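**Q** Input: one structure, supplied below.
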Amino acid sequence: MTQQQPKPSSIDWLTLVIYFVFVTAGLLCIYASVYKETHPDIFDTSQNYGRQLVWIGISVFIGLLILLVDEKFFYAFAYPIYGLTIIMLIAVLALGTTVKGSSSWIEIGGFRMQPAEFAKFGTALAIAKFLSGYNVKFTDKKIQYVSAFLILLPMAIILMQNETGSALVFASLIFVLYREGLPGYFLFIGFMVAVFGVLALLVPNIYLVIAIAILAGMFMIMIRRNRQNVLIVIGAGLLMMVFVSSVDYAFENILQPHQRSRINVLLGKEVDLKGAGYNVQQSKIAIGSGGLMGKGFLEGTQNKFRFVPEQSTDFIFCTIGEEYGFIGSVTFIILYMLLLWRILYLAERQRYKFNRIYGYAVAGILFFHFAINIGMTLGLLPVIGIPLPFFSYGGSALLSFTILLFIFIRLDSNRLNELRGAFE
Amino acid sequence: MDNQIKRYILFGIFCAVAIIYIIRLAVLQLMDDTYLRSAQQNVLQEQTIYPARGLVYDRNGELLVYNDAIYDLIVIPEQVKNLDTSEFCRVLGITKEGFLQRFEKIKRGVGYAPYRPSVFEKQLTIPTYAAFQEKLYDFQGFYVEVRTDRKYRHSNAAHIMGYIGEVTDREIEKSEGYYRMGDFIGISGVERAYEEVLRGKKGVRYILVDSKNRTQGRYKDGQFDTPAVAGQNITLSIDQKLQALGEQLMMNKVGSIVAIEPGSGELLALVSSPTYDPNLFIGRERGNNYMRLLKDPSKPLFNRPLAAPYPPGSIFKVIMALVGQQEKVLYPSTSYGCAGGYHMGGLTVGCHPHPAPLPLRGAVAVSCNAYFCNVYRTVIDNNAYPNAEAAYKKWYDHISSFGIGKKLGVDIFGEGKGFLPPSTYYDKVYGRYRWKASTTISLAIGQGELGITPLQMANATAIVANKGYYVTPHIVKTINGKPNPNPEYQNKHHTTVDTAYFDVVIDGMQDVIERGTGRIAAIPGIVICGKTGTAQNPHGKDHSVFFAFAPRDNPKIAIAVLVENSGFGATWAAPIASLMIEQYLTGKHDTRTYLLDRMLKANLIHKNDSTATQTVQY
């Protein structure tokens, strides 16, 4: 078989453009969040932004390499890659360097990296390969157990490294399982209850009722409007509204005051200046002070003067919120949604099951990072330290997200060749 | 379910989360501006620039009050690192327990935050400050803030100066944002009355700080900063030398001296005895000293000349003489006999032996009780009025126009009204229309219910000196070189008695000094007009009272002296007044050493304790 190089026209340029926009914007945000008048040079590798620039270079280079690799490689080497990342994870447990209480780092030639980041695409590849196997049906109990094992193994090791956030990310592969046959209500009900339960304590109920109504409306548009479906959507919406209203009641009347207080601090409603409440409070102040238009590049005082801890890594969204305001934040969210939609769209048009499953895994992982990270920054979710893909400072994360995404771009770029091959 | 549909369901979930986040963003960024304000509070540190408080001079330009730097030790708890506690305690001169206590106290304070500066120790002594300054680098998280406190160059005039202290919560509230916790404010005397003049205007500097409270530069290059404006300097009308002499003369005596420049109403001296050192009210011991002075049975904090009412005694006869003439019931030639006192029915007001009968001038000179009882009777029983009540009301108005029975409006706090009984007072005691001249006869000689403050006595003296008017007595002559802006301190208040009636009374007062009861006050070469008084005191020995003005033509000083429980006016009050007049007019007070010595050595309160000093020196 001849090496099949992707033609420029067969690469999904929209995905690629969003990737570059994100990486560039991320670099500017990191620059803004650690900016000092004394170190204005963006190429200064003694600073986070300088190092991030180097990592962007490395990531783009490896991304290009991936585009040149034979697409069969990923299918063929899915299990070895998975195995390698598992070995690295175990190695970290033994040899790892502890950074900020998490022992998930490994030093290789002066570079520190987090194998947990690479385990994400390793696991995505393995699960795609496993479920795309000939005659594999997800309804099979054995298949379900093996799938669960493939996901839970890296998760467990990472949990042992004290990296709760990274471990949770693997839960996002439930989206893949759902696509491949896991009953949908599992996913849906659990997710909705969790999200709206938390929101009910934070946001005035009226907003939630509106949100539920909008959501129900969207389903109405998307689903086939037969009588049964319409009734399900309306019923679910109403149930959700009742649930949202009852959470507040339960919270105020059933819990003891000190229990309420703890939850409030966790939710950022009560300010606990010494603990995690400080981060969230400062994060909300930074974002809230951005207003509609934002303060402008390098004008964010909360960022510049280090009020938000972990500004360039987990709380990078504060910089967007403060310097680019509501418009910038919403633009970012819409762009992110566009990327996710594009990945799902591309996944569904794949001829190979492997490609499709991998695409869903990519979308799931990216969404999970987005939801947890922004939710935390906005004070809607507890502080769980996971990076915002393509934005947060950190070489391992950037490189692993790049590889994750570019493997999918490579797989997708072969779609036309497949067709051509089929008809030639 | 169709697998294609799942894509939409998944994406629906993604979008639901995205929409929730957008709503949240809208709440944070568009609907709630508390975050914007919090952000400003985060980074903008408003630093107060304290202005220098205005200086205070005496009428001759001698500096009385200035500012002195004080050093507060400030701590930012979060920044305290690697502290050698024992060394720190040694330098500061505190114990380990004291160290921990201070930290506990700071933590319990209002608005405490580990990243905010808190006062660790107030007002370090200069040696401690010096020692500390050398070691500052070893004590991370601590620094010294410089503020100013008052310093009084002389240890007198405490009641005039007043003092400053930290503002109370109520004052902070009342000031609508001017004062902050720990600011100084004038609490009494000139410091309080002229607080707004003296304090100046605080400046503000906006500093950008980072999360560790480290300075990151000026906010917008300081375009919103305002500089501090120093307080205005004040020149008192007080003559420091005269004031000092007055306090010296009043040592070991209880009483007051008030000296006024008659033409301008400027107070030249205002002595309240016993007194205290104003420097007791600065520094770390302020609170303790205050408590001690407050508990002192001799009441050094009480501002007697302004607040304490006394029966004026014989000096009131001068006013009676004027009112009688104005009411046309008394003429310079009017004579009354004196058979050892005033007798009317069963009532007798005694008098001392003197030639009789006398005309008005002579009656003033010898201070004849019978004479002025007759004057009072003719005023109250005057047929021009339908009844005694109407006549008394007229009399009341006359007396009142001399500034008696009301607050004059002096510019420092603590002034009392004294007491001039209105007709309704007697209505209450005797019933309406059931009292007459004889019932209230003791008013004629300045006794009875009358209560007059030494300030009112001095003011009445100034009225006689001015022949019919006074300018409200005041203590601040100029503010920043310009005359006191209060128009009250320029206006002349005319009495109801015409100028023409004053000469004969003044003649009598001159006689008092030249051949009457006040001969001891005479100074060669200066024409003094005065009047002695011996105010009967129901609670003990009589008060020695004297008032005078000099020189007779174009008077420069009007003075009232009252020495409590010390006997005749001529014994103590008159010599003291005489020495004061001499000091003010000639700049000397030691020409009559025998008199000076006798006054200085006299101890009228500590009878068995010759070492006691009057000025409280803790």
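The values are calculated or read from the model by the stated rules, or taken from the named source; none is laboratory data. Here the structure is a predicted model, which means the values were calculated and not measured. Here Cβ is always computed from backbone atoms with ideal geometry, including for glycine, and neighbour counts include all displayed protein chains.
**Q** Please determine whether any residue of segment B:39-53 is farther than 30 Å from residue B:205 by Cβ and of a type in the set (Lys, Arg). Give the derivation first.
**A** Restricting attention to segment B:39-53, the residues satisfying the condition of being farther than 30 Å from residue B:205 by Cβ are none.
Checking segment B:39-53: not a single residue is farther than 30 Å from residue B:205 by Cβ and of a type in the set (Lys, Arg).
**Q** Let me ask you something else. Condition test on residue B:33, is it more than 7 Å from every other protein chain (Cβ to nearest Cβ), at pLDDT below 80 and over 60 Å from the mean Cα position of the chain (by Cα)?
**A** Numbers: more than 7 Å from every other protein chain (Cβ to nearest Cβ): yes; at pLDDT below 80: yes; over 60 Å from the mean Cα position of the chain (by Cα): no.
Judged against the criteria, residue B:33 is not a match.
**Q** Condition (residue is more than 18 Å from residue A:63 (Cα to Cα), within 14 Å of another protein chain (Cβ to nearest Cβ) and in a helix (DSSP H, G or I)) applied to segment A:379-388: is it met by at least one residue?
**A** Taking every residue of segment A:379-388 in turn, none turns out to be more than 18 Å from residue A:63 (Cα to Cα), within 14 Å of another protein chain (Cβ to nearest Cβ) and in a helix (DSSP H, G or I).
**Q** Being of a type outside the set (A, V, I, L, M) and facing chain B (nearest Cβ under 10 Å) is the filter here; which residues of segment A:333-345 pass it? Talk me through it step by step, then tell me what you get.
**A** Initially, segment A:333-345 is screened for residues of a type outside the set (A, V, I, L, M), giving A:336, A:341-342, A:345.
Those that are of a type outside the set (A, V, I, L, M) and facing chain B (nearest Cβ under 10 Å): A:336, A:341, A:345.
**Q** Could we say that residue B:273 is buried (at least 18 other Cβ atoms within 10 Å of the Cβ) and at pLDDT below 90 here? Outline the logic, then answer.
**A** Values: buried (at least 18 other Cβ atoms within 10 Å of the Cβ): yes; at pLDDT below 90: yes.
Yes; evaluated as a whole, the condition is true for this residue.
**Q** So, of the residues in segment A:304-318 that are more than 10 Å from chain B (Cβ to nearest Cβ) and either surrounded by fewer than 23 Cβ atoms within 10 Å (Cβ to Cβ) or in contact with a strand residue (DSSP E or B) (Cβ under 7 Å, 6 or more places away or on another chain) (or both), which turns out to be nearest to residue A:29 (Cα to Cα)?
**A** A:313
**Q** Now for a separate question. Please work out which residue is surrounded by the most Cβ atoms within 10 Å (Cβ to Cβ), limiting yourself to segment B:486-509 and to residues that are of a type outside the set (A, V, I, L, M) and in contact with a strand residue (DSSP E or B) (Cβ under 7 Å, 6 or more places away or on another chain). Don't jump to the end; show me each part of the working.
**A** Keep residues of segment B:486-509 that are of a type outside the set (A, V, I, L, M), which gives B:486-496, B:498-499, B:501-503, B:507-508.
Subsequent filtering for residues that are in contact with a strand residue (DSSP E or B) (Cβ under 7 Å, 6 or more places away or on another chain) retains B:489, B:492-495.
Numbers: B:489: 22, B:492: 12, B:493: 18, B:494: 14, B:495: 25.
Among those that are of a type outside the set (A, V, I, L, M) and in contact with a strand residue (DSSP E or B) (Cβ under 7 Å, 6 or more places away or on another chain), it is B:495.
**Q** Restricting segment A:282-303 to residues that are facing chain B (nearest Cβ under 8 Å) and modelled with pLDDT under 75, which is nearest to residue A:383 (Cα to Cα)? Steps first, please.
**A** Of the residues in segment A:282-303, the ones facing chain B (nearest Cβ under 8 Å) are A:282, A:284-292, A:301-302.
Checking the rest, the ones that are also modelled with pLDDT under 75 come to A:301-302.
Details: A:301: 23, A:302: 19 Å.
Once the filter is applied, the top-ranked residue is A:302.
**Q** Still on this structure, I have one more. Inspect segment A:331-344 for any residue being on the phi < 0 side of the Ramachandran plot, at pLDDT below 90 and either not hydrophobic (A, V, I, L, M, F, W, C) or not in a loop (DSSP other than H, G, I, E, B) (or both) and give the result as yes or no. Break it down into steps so the answer makes sense when it comes.
**A** We begin by selecting, within segment A:331-344, every residue on the phi < 0 side of the Ramachandran plot; these are A:331-344.
This time we only want the ones that are at pLDDT below 90, so: none.
No, segment A:331-344 has no match at all.
Listed here are the residues, each with its yes/no results for (1) surrounded by 15 or more Cβ atoms within 10 Å (Cβ to Cβ); (2) within 17 Å of residue B:184 (Cα to Cα).
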residue	(1), (2)
B:47	no, yes
B:77	yes, no
B:82	no, no
B:105	no, no
B:112	no, no
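**Q** Oh, and also: Kindly list the number of the only condition in (1) more than 41 Å from the chain's Cα centre (by Cα); (2) within 14 Å of another protein chain (Cβ to nearest Cβ); (3) modelled with pLDDT of 80 or more that fails for residue B:43.
**A** With respect to (1) more than 41 Å from the chain's Cα centre (by Cα); (2) within 14 Å of another protein chain (Cβ to nearest Cβ); (3) modelled with pLDDT of 80 or more, residue B:43 is out only on (3).
**Q** Further, regarding this structure: What tally of residues in segment A:319-332 results from selecting those that are touching a residue at least 40 places away in the same chain (Cβ under 8 Å) and within 11 Å of chain B (Cβ to nearest Cβ)?
**A** First pass over segment A:319-332, keeping only residues touching a residue at least 40 places away in the same chain (Cβ under 8 Å): A:319-321, A:323, A:329, A:332.
Now restrict to residues that are within 11 Å of chain B (Cβ to nearest Cβ): A:320-321, A:329, A:332.
Residues that pass the stated criteria total 4.
**Q** Which of the helices (runs of 4 or more DSSP H) contained wholly in segment B:420-516 include at least 1 residues that are touching a Cys at 6+ places or on another chain (Cβ under 6 Å)?
**A** Numbers: elements: B:423-430, B:454-466, B:502-515.
Of the helices (runs of 4 or more DSSP H) lying wholly inside segment B:420-516, those with at least 1 residues that are touching a Cys at 6+ places or on another chain (Cβ under 6 Å) span B:502-515.
**Q** Restricting to segment B:349-407, name every residue that is of a type in the set (A, V, I, L, M) and not in a helix (DSSP H, G or I).
**A** Step one: filter segment B:349-407 for residues of a type in the set (A, V, I, L, M), giving B:349, B:356, B:358, B:360, B:363-366, B:370, B:375, B:379-380, B:384, B:388, B:390-391, B:399, B:404.
Across segment B:349-407, the qualifying residues are B:349, B:356, B:358, B:384, B:404.
**Q** Evaluate the following for residue B:20: is it out of contact with any Phe, Trp or Tyr (no Cβ under 7 Å at 6 or more places or on another chain), surrounded by 15 or more Cβ atoms within 10 Å (Cβ to Cβ) and either of a type in the set (S, T, N, Q) or within 14 Å of chain A (Cβ to nearest Cβ) (or both)? Talk me through it step by step, then tell me what you get.
**A** Values: out of contact with any Phe, Trp or Tyr (no Cβ under 7 Å at 6 or more places or on another chain): yes; surrounded by 15 or more Cβ atoms within 10 Å (Cβ to Cβ): yes; either of a type in the set (S, T, N, Q) or within 14 Å of chain A (Cβ to nearest Cβ) (or both): yes.
Yes; evaluated as a whole, the condition is true for this residue.
**Q** How about segment A:367-388: which of its residues are over 24 Å from residue A:288 (Cβ atoms) and crowded, with 24+ Cβ neighbours inside 10 Å?
**A** Our first condition is that a residue be over 24 Å from residue A:288 (Cβ atoms); within segment A:367-388, this holds for A:367-368.
Residue satisfying the conditions is A:367 alone.
**Q** Pull out all pairs, ordered by first then second residue, where Cβ-Cβ is under 9 Å, the residues are six or more apart or on different chains, the first lies in segment A:211-224 and is at the interface with chain B (Cβ under 9 Å from one of its Cβ atoms), and the second is not in a helix (DSSP H, G or I).
**A** Pairs that qualify, where the first residue is at the interface with chain B (Cβ under 9 Å from one of its Cβ atoms) and the partner is not in a helix (DSSP H, G or I), are A:211/A:203; A:224/B:2.
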